[in-house]
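Where a number appears in this text, it was derived from the coordinates with a stated rule and is not lab data. In this text, all values refer to a predicted model and were calculated from it rather than measured experimentally. Note: ideal-geometry Cβ built from the backbone for every residue, glycine included; neighbour counts use all protein chains shown.
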Amino acid sequence: MKCSQSIRLVEDPRCRTCGYPIWGDAESADFCQNCEHLTPVYEQCVSLVLFKGAVRGLVHALKYEQGLWALRDIRVLMENASWPDGFSLEGQVVAVPLHPRKLRERGYNQSELIARELCSVVPGFHFEQPLERVLDTESQTKFDKRDRRRNLKNAFSLRSNRAIDPAKRYLIIDDVFTTGSTINACASALRKAGARRIDALTVGHG
Ligand SMILES: [Zn+2]
């Protein structure tokens, strides 16, 4: 990959809630300062890389410019990922769903493409989408953290004819970790449907 010198893979120690690396003397070895007081519905979120430079360009291309070529580079990031100590590489992979209107507009769900790519890199993962986006929430970028959570609270639900297996481990995929509210809302929907083991993965940490 070009520009690989500007890409920083995240390694341990890292925050269990947002995936951000923990540098220096943190109060807790498991959580960064931003997340110390959060109580996420999932157990751990992994971010493959820090969201800047070339990585920002990749995700932007995939999300806003129909840049499907970016998947090839994202795959390289997955192949070189440094997985957290004790992080299971097995389970059902779930993508953050798009609302049907948005899906029509974009033509694909970038998180689903990332999820499918991950499953082809890591044989223990398989993709199956149990969730749907039932609320067409407005673009989240203009809301603050609390508004985002409120806006997203009931945005996701279990698709009809889908069942959650409490014995299974679920891994939610999103492109970028920003406030964590989207992943948390998906995790809530999974948990409400009976999931007991939920983790998450994003390409970048924003
Ligand atoms: Zn954190």
Exercise for the section: Filter the chymotrypsin sites (Phe, Trp or Tyr not before Pro) in the stretch 96-185 to those in DSSP coil with at most 15 other Cβ atoms within 10 Å of their Cβ, and list the result. Expected result: Tyr108
Fill in the blank from the handout: Residues whose modelled amide H sits under 5 Å from the amide H of Ile172, counting only those 5 or more places away in sequence or on another chain, are Val94, Asp199, Ala200, Leu201
Handout entry: Charge dipole magnitude, Cβ of K and R +1, D and E -1 - the stretch 15-158, Cα centre, debye nearest 20
Key = 720
Exercise for the section: Indicate, rounded to the nearest 5 percent, the antiparallel portion of the DSSP beta bridges found entirely in the stretch 27-171. Expected result: 40
Exercise for the section: May I ask you to compute the full-extension gain from Asp30 to Asp85, defined as 0.36 nm times their residue separation minus their alpha-carbon distance, rounded to one decimal in nm? Expected result: 18.6 nm
Problem - Within the chain, longest stretch free of exposed GluC sites (Glu not before Pro) [DSSP loop, at most 10 other beta carbons within 10 Å] - result: 28-137
Handout entry: Over the chain, relative contact order from alpha-carbon pairs under 8 Å, at least 6 apart, %
Key = 25
Exercise for the section: Report Rg/Rh for the chain, rounded to two decimals, where Rg is the Cα radius of gyration and Rh the Kirkwood radius. Expected result: 0.93
Problem - Cβ-based charge dipole, the stretch 7-205, positive-most Cα from Ser120, Ala189, Pro13 - result: Ala189
Exercise for the section: Return the FRET efficiency for the residue pair Asp12, Arg104: r is the Cβ-Cβ distance, R0 is 45 Å, and the value is rounded to the nearest 0.05. Expected result: 0.65
Completion exercise
Note, the stretch 100-115: 3J(HN,Hα) by Karplus (6.51, -1.76, 1.60, θ = phi - 60°), whole Hz, Gly/Pro = x, goes x, 5, 5, 4, 4, 5, 8, x, 7, 9, 4, 5, 5, 5, 5, 4
Handout entry: Dipole of the chain, positive end: most advanced residue of Gln44, Asn154, Ala54 [Cβ charges, Cα centre]
Key = Asn154
Completion exercise
Among the stretch 157-185, those whose backbone N falls under 11 Å of a label point 7 Å along Cα→Cβ from Arg150 are none
Practice task
Calculate the length of the line joining the C-alpha centroid of the stretch 89-116 to that of the stretch 143-206, in whole Å.
Solution key: 12
Handout entry: Lysine-lysine proximity count for the chain, Cα under 27 Å, sequence distance 8 or more or distinct chains
Key = 20
